[in-house]
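The values are calculated or read from the model by the stated rules, or taken from the named source; none is laboratory data. Not measured: the values here are computed from a predicted model. Here Cβ is always computed from backbone atoms with ideal geometry, including for glycine, and neighbour counts include all displayed protein chains.
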């Protein structure tokens, strides 16, 4: 498999994700929500399935800039994120998501772009399906702390073919579910 081509294709897909993220933020703001938009540097599906790799975390580990992480920590300290929504798209084995974590009582939303390659995420997808839940771990580069969002419906993050196989659903698109957030200190690097 040529690794250059997917990276090249990722640029076009990522530009569309950024546009979707901006449009989603605008829609939330028009509806009266206070929106924080985060920027993702890297995303790793956990567990990775590599020999000797950590396997107690199940979810997507997202790296964000330090100042954005501090802002997120403050939001998690002040709000209860009780719902989530995903907007999902796929191209050539790459799944891209916009995750919206929502505090419905206070009208606060956090938007986070995520992505993963299906061929690199099988261990995570299997573990999430087995557990019936998944998480999003958000951390800064120095990995001194994490914010953990829990999602009771992991299929909202799954590729469309896996969702169809599990539930008979059709196509990709949005999904909603219950969720929560916890601040977490330290831990192993992803």
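Could you grab me the full set of residues in the stretch 76-128 that are surrounded by fewer than 17 Cβ atoms within 10 Å (Cβ to Cβ) and in contact with a helix residue (DSSP H, G or I) (Cβ under 8 Å, 6 or more places away or on another chain)?
If the condition is that a residue be surrounded by fewer than 17 Cβ atoms within 10 Å (Cβ to Cβ) and in contact with a helix residue (DSSP H, G or I) (Cβ under 8 Å, 6 or more places away or on another chain), then 90, 91, 92, 93, 117 are the ones that fit.
If you check 10, 72, which single one turns out to be within 17 Å of residue 99 (Cβ to Cβ) and either under 18 Å from the mean Cα position of the chain (by Cα) or modelled with pLDDT of 95 or more (or both)?
That would be 72, the only listed residue that is within 17 Å of residue 99 (Cβ to Cβ) and either under 18 Å from the mean Cα position of the chain (by Cα) or modelled with pLDDT of 95 or more (or both).
Spot the failing condition for residue 108; the list is (1) in contact with a strand residue (DSSP E or B) (Cβ under 6 Å, 6 or more places away or on another chain); (2) at pLDDT below 95, and only one is missed.
Only one criterion in (1) in contact with a strand residue (DSSP E or B) (Cβ under 6 Å, 6 or more places away or on another chain); (2) at pLDDT below 95 is unmet by residue 108, namely (2).
Pairs needed: first member in the stretch 26-38, touching a residue at least 60 places away in the same chain (Cβ under 8 Å); second member anywhere, assigned to a loop (DSSP other than H, G, I, E, B); C-beta distance under 7 Å; at least 6 residues apart or different chains.
Listed pairs, sorted by first residue: 32/107; 33/107; 34/107; 38/64.
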